[in-house]
Amino acid sequence: MVLGRAKRRSGGATAADTLSLYYASDVHGSDLCWRKFLGAGRFYGVQALIMGGDLSGKAIVPIEFDDAGAFTTTFIGETRAGTTREELDELVSAIRFNGMYPWLASREEIARLREDDAARAALFEETLLAELRGWVELADERMAGYGIDVYVMPGNDDPWSCDAVLEAAVHVQACDDRVVRVGPHEMISCGCSNPTPWRTPRELDEDGLYARIRALADQLDDPATAIFNLHVPPYDSGLDTANEVNPDLTLRYVGGQPHPIPVGSQAVRQIIEEFQPLLALHGHIHESRGEVRIGRTLAINTGSEYNSGHIHGAVVTLAGSDVHKYQFVVG
């Protein structure tokens, strides 16, 4: 499905100057979306895959399991129970499909964890890190053989412990808070966001976010041909529209309707306006898929519907100092 395409330009770039990439973000623990992300490399025939953050799932779903093999849980408001391996596998698959982590335990273990916030938090982090290690190992194994580069950074929802897992990769390149080369192009990456109502692990005020990204941008040899991989989109760009929430995280209604507002980063917008990179890649706001020009910079937010099993991405071809073409895709 084509939602937007940059004007094709001829001349100037050689084959060595041309880069094709696939970008996606915000898979939030969906094993299916991660596998589709990796599969996009060969499907679209690109040279590089870029994952823009928010790798972690949202919750653990405890499944009560007894010695007789019976199990029960409450999942998405519905009680699920069974006694066969096939029924359990179906439930586990459904939980993972929705970007959550199944946890099989006894009734006593589940009750103990409900009363222990620290133990519950430790289990969640341990579980998501184990899942992330599996994802990285899969990417290392498959993509090295295909000769497709993979760049991955955490997002604001991801705990800082994710960094060590990414750093330990063999083929996957951890790219957060550094300058890397993607083909002939320099790329800077920042997974932090401006403050959100959810108080996620990687949030900075606008001044702090500006300083962090500016320190990266100042290292670039040629900002005009660079890629800015910034998790949060620029403020009031059309890529950052989300419904306003109240302090208790319920939706705010105006005139009986949800109230959409811009929630992106002013720092990110300022950096893009100042440095005018060739391409800016964003995620974070799932419902704001689209593209916009900020000066000469093409800025893209691919959006996310991870809990539907669909991955939203963009295939972009860069030719020298031009965006040759781009296409939004859903898989």
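The values are calculated or read from the model by the stated rules, or taken from the named source; none is laboratory data. Because the structure is predicted, anything quoted here is derived from the model rather than measured. We place every Cβ from the backbone using ideal geometry, glycine too, and count neighbours over all the protein chains shown. Each accessible area value is taken on the protein alone, full model and side chains, heavy atoms only, with ligands, DNA and RNA left out. Shrake-Rupley method; radii C 1.70, N 1.55, O 1.52, S 1.80 Å.
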- Task: Hey, can you tell me all the residues within the stretch 244-264 that are under 17 Å from Glu287 (Cα atoms) and part of a strand (DSSP E or B)?
- Result: Val245, Leu251, Gln257, Pro258, Pro260, Ile261, Pro262
- Query: In this structure, does Gly52 turn out to be out of contact with any helix residue (DSSP H, G or I) (no Cβ under 6 Å at 6 or more places or on another chain) and without any contact (Cβ under 8 Å) to a residue 40 or more places away in the chain?
  - Reply: no
- For residues that are in contact (Cβ under 8 Å) with a residue 12 or more places away in the chain, open to solvent by 30 Å² or more (accessible area, probe 1.4 Å) and not hydrophobic (A, V, I, L, M, F, W, C), tally how many sit in the stretch 253-273. 8
- Assess whether Ile300 counts as being in a loop (DSSP other than H, G, I, E, B), at pLDDT 95 or above and crowded, with 19+ Cβ neighbours inside 10 Å. no
- Query: Could you give every pair whose Cβ atoms fall below 6 Å, whose first residue belongs to the stretch 19-32 and is open to solvent by 10 Å² or more (accessible area, probe 1.4 Å), and whose second residue is in a strand (DSSP E or B) and hydroxyl-bearing (Ser, Thr, Tyr), counting only separations of at least 6 or pairs across chains?
  - Reply: Ser20/Thr317
- Message: Among the residues in the stretch 200-214, are any open to solvent by 70 Å² or more (accessible area, probe 1.4 Å), among the small types (Gly, Ala, Ser) and out of contact with any Phe, Trp or Tyr (no Cβ under 9 Å at 6 or more places or on another chain)?
- Response: no
- Out of the stretch 99-119, which residues are at positive phi and either of a type in the set (A, V, I, L, M, F, W, C) or in a strand (DSSP E or B) (or both)? none
- Message: Looking at the stretch 41-59 only, could you name the residues that are more than 15 Å from the chain's Cα centre (by Cα) and either buried (at least 19 other Cβ atoms within 10 Å of the Cβ) or over 18 Å from Gly29 (Cα atoms) (or both)?
- Response: Gly41, Arg42, Phe43, Tyr44, Gly45, Val46, Gln47, Ala48
- Within the stretch 66-98, which residues are open to solvent by 80 Å² or more (accessible area, probe 1.4 Å), part of a loop (DSSP other than H, G, I, E, B) and either among the β-branched types (Val, Ile, Thr) or touching a residue at least 12 places away in the same chain (Cβ under 8 Å) (or both)? Ala68, Ile76, Thr83
